[in-house]
Amino acid sequence: MPCGPHLAAEPAIAMGFDPMEICIENCAQCKKMLGSWFEGPLCAESCIRHRGKLIPDCEDFASIAPFLTKI
């Protein structure tokens, strides 16, 4: 019996996701969402420095607090 495309999808971990790439993409997403309140370059530098181990989540204040600015 054939599977639909949603059943054949593999989770990101099975496809070998890159935590650095996800980290930097999340920084870019937070920058889009928060604008000048968010220090995108500082976030990206942190991704590189920590090799993607501390991935920012735009909806988790604790994970993005170091990159917020008072303007």
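The values are calculated or read from the model by the stated rules, or taken from the named source; none is laboratory data. This is a predicted model, so every value here is computed, not measured. Just so you know, the surface numbers come from the protein's heavy atoms only, side chains and all, with ligands and any DNA or RNA stripped out. Shrake-Rupley method; radii C 1.70, N 1.55, O 1.52, S 1.80 Å.
Please determine whether any residue of region 23-43 is at positive phi and open to solvent by 90 Å² or more (accessible area, probe 1.4 Å).
no
Residues to consider are 48, 13, 64; find the one that is part of a helix (DSSP H, G or I), more than 9 Å from the chain's Cα centre (by Cα) and at pLDDT below 95.
None of the other options fit; the residue is 13.
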